[in-house]
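The values are calculated or read from the model by the stated rules, or taken from the named source; none is laboratory data. Keep in mind it's a predicted model, so treat the numbers as computed, not measured. Here the Cβ positions follow ideal geometry from the backbone for every residue, glycine too, while neighbour counts run over all protein chains shown. SASA here: full protein model, heavy atoms, side chains in, ligands and nucleic acids out. Shrake-Rupley method; radii C 1.70, N 1.55, O 1.52, S 1.80 Å.
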Amino acid sequence: MKLPLFPDQASTSAAQVDALYFFLTTTSFFIILLVALPMLYFLFKYRRGHPANRTPSRIPTWKFEVTWTVAPLLLAMVMFSWGARVYFNIEVPPHDAMEVNVVAKQWMWKIQHPEGNREINELHIPVGRTVKLTLASQDVIHSFFVPAFRLKQDVVPGRFVTEWFKPTKPGVYHLFCAELCGADHSKMIGSIYVMDPDQYQAWLLKGSVGDNLAQTGARLFRELGCSGCHVGNGTIRAPPLEALYGHRVPLQTGEFVLADDKYIRDSILLPNSQIAAGYDPLMPTFQGHISEEELFALIAYVKSLANQAPPLRP
Ligand code: CUA
């Protein structure tokens with residue numbers, strides 16, 4: 001019988017995390033022995049009534065001092081640099097990733113694919129592809145935890161967080177919420193389906209809803225009235241959204257800011273925090289009027305305009 005001490009290793013980071021963990025555990029165990037074994041030995045040797053040489057010894061202590069200072073220092077530096085390498089590797093997403101949005105709310109995980117597919121408490125992905133998750137919470141702090149991928153990320157309301165992983169083995173893996181988030185926290189669980197690429201394509205087509213995420217965003221853009229100011233001939237002049245995403249935006253303050261997901265999000269929810277140079281702070285906030293899922297759709301729409309030329313205006 002196999003002892004299930006470790007979950008499956010089903011992502012590229014899993015082996016790295018496990019190796020580090022194994023190193024930390026064995027090192028700690030070794031240090032425990034180093035302290036506890038002599039302690040037990042002296043306990044017996046110098047017990048009361050036992051004849052033993054109890055005259056204080058005169059060995060130069062500086063050699064011991066240097067040894068027990070330098071050796072743990074080196075060991076700690078090994079742990080630090082190894083840990084930092086693994087940390088940076090799992091925190092910085094590679095560029096070729098497919099992007100998936102995750103909205104956490106009491107008590108479910110809502111997933112959006114760029115193709116328009118949506119799922120709840122399930123995430124279907126192809127094996128061998130890097131997946132970048134952008135996570136948001138609709139209410140309280142949740143934590144997206146997939147043990148088989150060695151992936152755990154707190155999802156904090158009011159901001160985006162990102163994580164990435166590259167699944168290496170087809171299969172079904174547990175998804176947990178790892179942050180106490182209310183009465184049904186323990187039921188906020190799901191499954192990650194890692195599929196062969198052609199199975200995944202079939203799954204995408206089967207669940208196709210017509211509109212992809214950017215098209216949903218374009219519809220919202222009109223319904224919410226954004227187009228009134230941000231498109232062509234509106235009476236109020238607002239910054240055009242073409243060629244915006246991924247570019248540097250000059251602000252009224254003279255600073256520049258990169259137009260990324262966070263910037264678009266802040267511009268919708270906190271429109272007066274970063275005013276684009278040459279424009280008046282006229283935009284109303286959409287805080288409370290728009291869900292995290294709708295935000296993701298609008299961002300996808302703005303992203304889809306990134307390669308279009310801005311319209312010429314009089
Ligand atoms: Cu969400 Cu616990």
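Is there a residue in region 119-126 that is in a loop (DSSP other than H, G, I, E, B) and open to solvent by 10 Å² or more (accessible area, probe 1.4 Å)?
Yes, because at least one residue in region 119-126 is in a loop (DSSP other than H, G, I, E, B) and open to solvent by 10 Å² or more (accessible area, probe 1.4 Å).
If the requirement is being open to solvent by 30 Å² or more (accessible area, probe 1.4 Å), aromatic (Phe, Trp, Tyr), assigned to a strand (DSSP E or B) and over 30 Å from Ile264 (Cα atoms), which of these qualifies: Tyr173, Tyr193?
The match here is Tyr193.
Within 25 Å of Phe176 (Cα to Cα) and open to solvent by less than 90 Å² (accessible area, probe 1.4 Å) - does that describe any residue in region 74-86?
The answer is yes, given that some residue of region 74-86 is within 25 Å of Phe176 (Cα to Cα) and open to solvent by less than 90 Å² (accessible area, probe 1.4 Å).
Out of (1) open to solvent by less than 90 Å² (accessible area, probe 1.4 Å); (2) at pLDDT 90 or above, what's the single condition that is false for Pro60?
(2)
Among Ala214, Ala202, which is the only one that is open to solvent by 30 Å² or more (accessible area, probe 1.4 Å), more than 16 Å from the ligand (Cβ to nearest atom), part of a helix (DSSP H, G or I) and of a type in the set (Gly, Ala, Ser)?
Ala202
Restrict the check to region 219-236 and report whether at least one residue is open to solvent by less than 30 Å² (accessible area, probe 1.4 Å) and modelled with pLDDT of 80 or more.
yes
Out of all the residues in region 264-314, which are surrounded by fewer than 12 Cβ atoms within 10 Å (Cβ to Cβ) and either of a type in the set (Lys, Arg) or closer than 20 Å to Ile111 by Cβ (or both)?
The answer is Arg313, and nothing else.
How do the pairs read when you match residues in region 32-58 that are part of a loop (DSSP other than H, G, I, E, B) with residues anywhere that are not aromatic (Phe, Trp, Tyr), using Cβ under 9 Å and keeping only pairs 6 or more apart or on different chains?
Here the result reads Tyr46/Ala52; Tyr46/Arg54; Ala52/Lys45, each pair linking region 32-58 to a residue that is not aromatic (Phe, Trp, Tyr).
How many of the residues in region 97-115 are away from the ligand (no atom under 16 Å from the Cβ) and out of contact with any Ser or Thr (no Cβ under 6 Å at 6 or more places or on another chain)?
Adding up the residues that qualify gives 7.
Just checking, how many residues over region 244-259 are assigned to a loop (DSSP other than H, G, I, E, B) and either surrounded by 15 or more Cβ atoms within 10 Å (Cβ to Cβ) or of a type in the set (Val, Ile, Thr) (or both)?
4
Per-residue answers, yes or no, for (1) touching an Asp or Glu at 6+ places or on another chain (Cβ under 9 Å); (2) touching a residue at least 60 places away in the same chain (Cβ under 8 Å); (3) within 18 Å of Pro284 (Cβ to Cβ):
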residue: Ala214; (1), (2), (3): no, yes, no
residue: Glu223; (1), (2), (3): no, no, yes
residue: Gly228; (1), (2), (3): no, no, yes
residue: Pro240; (1), (2), (3): no, yes, no
residue: Ala243; (1), (2), (3): no, yes, no
residue: Gly246; (1), (2), (3): yes, yes, no
residue: Val249; (1), (2), (3): no, no, no
residue: Phe256; (1), (2), (3): no, no, no
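Considering every residue within region 144-158, establish whether at least one is in a loop (DSSP other than H, G, I, E, B), more than 10 Å from the ligand (Cβ to nearest atom), open to solvent by less than 60 Å² (accessible area, probe 1.4 Å) and over 24 Å from Pro7 (Cα atoms).
Checking region 144-158: at least one residue is in a loop (DSSP other than H, G, I, E, B), more than 10 Å from the ligand (Cβ to nearest atom), open to solvent by less than 60 Å² (accessible area, probe 1.4 Å) and over 24 Å from Pro7 (Cα atoms).
Is it true that Thr162 is among the polar types (S, T, N, Q), surrounded by fewer than 18 Cβ atoms within 10 Å (Cβ to Cβ) and in a strand (DSSP E or B)?
yes
For region 130-152, which positions are more than 16 Å from Ser191 (Cα to Cα) and either without any contact (Cβ under 8 Å) to a residue 40 or more places away in the chain or acidic (Asp, Glu) (or both)?
Thr130, Lys132, Leu135, Asp139
For Val92, are the conditions met, namely being at pLDDT 90 or above and not polar (S, T, N, Q)?
no
List the residue pairs whose Cβ atoms are under 7 Å apart, where the first residue sits in region 93-108 and is open to solvent by less than 20 Å² (accessible area, probe 1.4 Å), the second is within 16 Å of the ligand (Cβ to nearest atom) and among the charged types (D, E, K, R), and the two are 6 or more positions apart or on different chains.
Within 7 Å, the pairs are Val103/Lys110; Val103/Glu292.
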